[in-house]
Amino acid sequence: MKKILLVASFAALALTACGKKEAAPAASASASTAAAPAGPSVEVLHWWTSGGEAKSIGELKSMMQKQGITWVDSAIAGGGGDAAMTALKARVVAGNAPAAAQIKGPTIQEWANEGALANVNEAAKDWDTLLPKVVADVMKFKGEYVAAPVNVHRVNWLWINKAAMEKVGVKTAPKNYAEFFALADKFKKAKIQPLAHGSQPWQDATVFESVVLGVGGAKFFQDALVKLDPKALNSPTMVKVFDTLAKLKTYIDKDAANRDWNLATAMVIKGEAGMQFMGDWAKGEFTAAGKAPGKDYICAAAPGTATSFTFNIDSLAMFKQKDPAAQKAQLALASTVMSPEFQEVFNLNKGSIPARISGVPTDKFDDCAKLSMADMGKSSSNGGLVPSFAHGMAVPNATQGAIVDVVAKFMSSDMKSKDAAAAVAKAGATK
Ligand code: BGC
């Protein structure tokens, strides 16, 4: 359940000065890692714990340590970040905020609005010229930079095991759902699990948003999942989306309940499954397993979404720190995150593309990353660039959580498509 309702904690926040070191330790999974080391340090709360993710964030740790700044790692496992957000809320409410936390989209604004975030303008003097506007806008609150972007992930991907696809005699990735289901049937016949999936609400939502984009197109995606227009949410197109999801369900194995996303990716890496809908953090797993795109696997836009791009920008939001040494270390963290060296190495491992548009060499990036860069550019001029709903870029948390609940219920029951469309329209009104 994606409910990081900040509202409940606002009263508590008002009573607790952010960053108070003497406050009681938070009752969170990361409290034990929060003991202040001697000398400057930065504590970073994040959920990058899979093979590819841990390697990526490990680069930031070593870059900070080279500057004499101790890295205090608060890694809270759980794909999509629900557990990390719950832990973060507890930390801030207890007056024990980390220096930075992996937060995205409107949630950055929600925390900033509560006065919890520090501005890092001093480190961000040239960021307006280095970042695309769509990225810079998310990092700012009332014109001040309060977060530093690490990447741009594309969510609307389909990952395919190449050998498995060749085995069933198919040469190109499915461009639409007719081709997708034809390939899925061939996998089924060949006793290869057609679709790798973990039935967790955020993974269900990740598939759902790609189907919304593929079946309805970018304008429908905007109307339904960004503007929350009830007429789009409860429409024949949304019924078609749920019909497509209902069919997709039949290609998922019976052990999918609560399977982590990286284990689903591993099924595709090993050829036990043919395909997975997932953002390009999945590529980080292929890379960590020594697999190459075009040779071992294929990255294709999810069916029907070749001209669109669902963006998911990971960023480290900066929490207010009292101690001037801690503030200095935090500025160093912000500068390091935006350095070309970090943006290159982090994204090579993570599967994403750099958030910075200039100064980062692209020659080491593979064909999937190059396709992502090209498609982000193209989609920004054809109306196809849309914020990821499932990954916290599009709507407030509470609304996202309510819609995701409906999608997850649909995926795990025999709910009818038209009832699901009516229910998402109702959930879309959640404030
Ligand atoms: C984050 C990625 C992360 C993925 C799986 C997404 O919401 O943006 O950085 O790899 O969740 O945990």
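The values are calculated or read from the model by the stated rules, or taken from the named source; none is laboratory data. This is a predicted model, so every value here is computed, not measured. Cβ placement follows ideal geometry from the backbone for every residue including glycine, while neighbour counts extend to all protein chains displayed. For the accessible areas, the whole protein counts, side chains as well, though only heavy atoms, and no ligand, DNA or RNA atoms are used. Shrake-Rupley method; radii C 1.70, N 1.55, O 1.52, S 1.80 Å.
Taking residue 216 as the residue in question, decide whether it is in a loop (DSSP other than H, G, I, E, B), small (Gly, Ala, Ser) and in contact with a helix residue (DSSP H, G or I) (Cβ under 8 Å, 6 or more places away or on another chain). Taking the combined requirement at face value, the residue does not satisfy it. Across segment 397-407, the qualifying residues are those that are surrounded by fewer than 23 Cβ atoms within 10 Å (Cβ to Cβ) and within 16 Å of the ligand (Cβ to nearest atom), and the one among them that is nearest to residue 254 (Cα to Cα) is 401. Got at least one residue in segment 232-251 being free of Cβ contacts under 8 Å to residues at least 12 places away in the same chain and charged (D, E, K, R)? No. The lone criterion from (1) closer than 30 Å to residue 291 by Cα; (2) more than 16 Å from the ligand (Cβ to nearest atom) left unmet by residue 383 is number (1). Residues in segment 52-67 that are buried (at least 19 other Cβ atoms within 10 Å of the Cβ) and within 22 Å of residue 323 (Cβ to Cβ) were compared, and the one that is nearest to the chain's Cα centre (by Cα) is 60. For residue 288, the conditions (1) away from the ligand (no atom under 16 Å from the Cβ); (2) open to solvent by 40 Å² or more (accessible area, probe 1.4 Å); (3) among the small types (Gly, Ala, Ser) are fulfilled apart from (1). State which residue is nearest to residue 213 (Cα to Cα) when the search covers only segment 174-202 and only residues that are surrounded by fewer than 15 Cβ atoms within 10 Å (Cβ to Cβ) and of a type in the set (A, V, I, L, M). Here the answer is 178.
Taking segment 317-431 and the helices (runs of 4 or more DSSP H) fully enclosed by it, the elements with 2 or more residues that are touching a residue at least 40 places away in the same chain (Cβ under 8 Å) and under 21 Å from residue 218 (Cα atoms) are at 367-382, 397-411, 417-427. When 70, 49 are screened for being within 16 Å of the ligand (Cβ to nearest atom), open to solvent by 30 Å² or more (accessible area, probe 1.4 Å) and modelled with pLDDT of 95 or more, only 49 passes. Considering segment 77-123, the residues that are of a type in the set (S, T, N, Q) and within 14 Å of the ligand (Cβ to nearest atom) include one that is farthest from residue 46 (Cα to Cα), namely 107. No other residue among 315, 358 is within 16 Å of the ligand (Cβ to nearest atom) and not hydrophobic (A, V, I, L, M, F, W, C) apart from 315.
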